[in-house]
Amino acid sequence: MIPELRLRIEAFQKEFLPKLPRETVATLVRGIEDMVRAGIGGDGVKVGDRAPDFRLPNAGGRPAELSALLARGPAVVAFYRGGW
C-alpha cells in the first residue's frame, strides 16, 4: 500500500472508530480478518500494472471502452455502487 494512503487510513481509523459502538467495530474487524484469511486483495491490481481492456457503462450509462479512452491519453478508472 502507498505509505501516504496508509497514514491517511490510520488517521481516519483513529478518529472514526472510537465513535462507533463496540459491536460495530468488532463486526468490522471480523469482516476484515475473514477477507484477509480468504486472500481477498492479494491478487489485486498493483501500481504500474496494465488493466485488461473492458467495456462498461460510464456514469452517464453510455458504453466506455478502456482501449478507446487510452487512445486519447491517460485514463482514471473509478468504480462506485451507483446512485441511491
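We did not get these values from a lab; they are worked out from the coordinates using the rules stated. Predicted model, so just to flag it, every value in this text is computed and none were measured. As a convention, Cβ positions derive from the backbone with ideal geometry for all residues, glycine included, and neighbour counts pool all protein chains shown.
The E65 and V45 beta-carbon pair, evaluated with R₀ = 22 Å, returns a calculated FRET efficiency of approximately 0.75. Between helix 22-38 and the chain there is an angle of about 50 degrees, using the helix long axis and the longest principal axis of the Cα atoms. When its C-alpha radius of gyration is set against 2.2 N^0.38 Å (N residues), the chain gives a value of 1.49. The charge dipole of the chain, taken about the Cα centre with unit charges on the Cβ atoms of Lys, Arg (+1) and Asp, Glu (-1), comes to about 180 debye, rounded to the nearest 20.
DSSP loop (so not H, G, I, E, B), at most 16 other Cβ within 10 Å: list which trypsin sites (Lys or Arg not before Pro) in region 48-80 pass both filters. Let's see the in-between values first.
Numbers: sites: R50, R55, R72; in loops: R50, R72.
Hits after loop and neighbour filter: R50, R72.
About its Cα centre, what dipole magnitude does region 34-83 give when the only charges are +1 on Lys and Arg Cβ and -1 on Asp and Glu Cβ, stated in debye to the nearest 20? Before the final figure, lay out each step's value.
Numbers: 7 positive and 5 negative charges, 31 e Å.
Computed about the Cα centre, the dipole is about 140 debye.
The phi torsions of region 12-21, fed into the Karplus equation with coefficients 6.51, -1.76 and 1.60 and a -60° offset, translate into couplings of 4, 4, 4, 7, 7, 4, x, 7, 8, x Hz, rounded to whole numbers, with Gly and Pro shown as x.
Quick check on the chain: helices-only [θ] at 222 nm, where DSSP H runs of length 4 and up contribute -39,500 (n - 2.57) each and the sum goes over total residues. Nearest 500, please. The partial results should precede the final answer.
Details: 3 runs with 37 residues, N = 84.
So the helix-based figure for the chain works out to -14000 deg cm²/dmol.
Ranking G31, L56, V45 by how far each Cα lies toward the positive end of the dipole of the chain (charges on Cβ) leaves L56 at the top.
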